[in-house]
Amino acid sequence: MKTFIVIFIFIPFISFSQLIESNQTDSFTHQKRIVTSQQTLKNNLSHFLAARLRAVNDNIFIILNGDGADIINADDIALLITISDTLVIKSTAQQGFSRGEYFHQYSISKSDLIKLAGQKLISVRRYTSRGIFNMDINQKFQTNLMQISDALLKEMSK
């Protein structure tokens, strides 16, 4: 019984630590780099979408990973639609895909990250060379981006 109580008390600390995969300072460039774990946003038979966050000093990036043969240009955007806001994120460069899967990196402002940390994500709209793609986020995954956003903000403030 005591073991169960101890495990129950430490679950928040264990689960929070799993949201941050890496927090290092580069010994050569002295840049602080933080990377969160990848969190699923949608996963069903027809679509997969996941996200992870990365910070290099004060620059924050969101990497969207999904199935599809999509190319984005340096000036393309994606919209993160929450319950009360629509956040615009901008592509960091022209980016492609490999074996039917893409990893597209976008820049996001700290103020938008703060909004994401407090609001459920309900939809993602991506602008690509093939058109506009809307993807509603499964209800069971709507808080996943909130969790990693909050974890990254806390880690950045240390």
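The values are calculated or read from the model by the stated rules, or taken from the named source; none is laboratory data. For clarity, every value in this text was computed on a predicted model and none was experimentally measured. Ideal geometry is used to build each Cβ from the backbone, glycine not excepted, and the neighbour counts take in all protein chains shown.
Key figures for this structure:
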| item | result |
| --- | --- |
| Out of 41, 79, 49, 87, sole residue that is assigned to a strand (DSSP E or B), within 13 Å of residue 128 (Cα to Cα) and either out of contact with any Ser or Thr (no Cβ under 9 Å at 6 or more places or on another chain) or hydrophobic (A, V, I, L, M, F, W, C) (or both) | 79 |
| Residues satisfying the stated conditions in region 130-157, i.e. hydroxyl-bearing (Ser, Thr, Tyr), under 12 Å from the mean Cα position of the chain (by Cα) and over 27 Å from residue 96 (Cα atoms) | 143 |
| Enumeration of residues in region 86-105 that are surrounded by 14 or more Cβ atoms within 10 Å (Cβ to Cβ) and under 21 Å from residue 141 (Cβ atoms) | 87, 89, 102, 103, 104, 105 |
| Residue 108, sole failed condition from (1) in contact with a Ser or Thr (Cβ under 8 Å, 6 or more places away or on another chain); (2) of a type in the set (Val, Ile, Thr); (3) under 21 Å from residue 33 (Cα atoms); (4) crowded, with 19+ Cβ neighbours inside 10 Å | (1) |
| First in region 141-152 and under 12 Å from residue 115 (Cα atoms), second anywhere and at pLDDT 95 or above, Cβ under 6 Å, 6 or more apart | 145/51; 145/116; 145/121; 146/117; 149/113; 149/116; 149/117; 150/117 |
| Selection within region 108-127 - closer than 16 Å to residue 148 by Cα and among the β-branched types (Val, Ile, Thr) | 108, 114, 122 |
| Exclusive hit being hydrophobic (A, V, I, L, M, F, W, C) and either within 16 Å of residue 52 (Cβ to Cβ) or modelled with pLDDT under 95 (or both), set 122, 137 | 137 |
| Every residue from region 14-36 that is buried (at least 17 other Cβ atoms within 10 Å of the Cβ) and either of a type outside the set (Val, Ile, Thr) or at pLDDT below 90 (or both) | 19 |
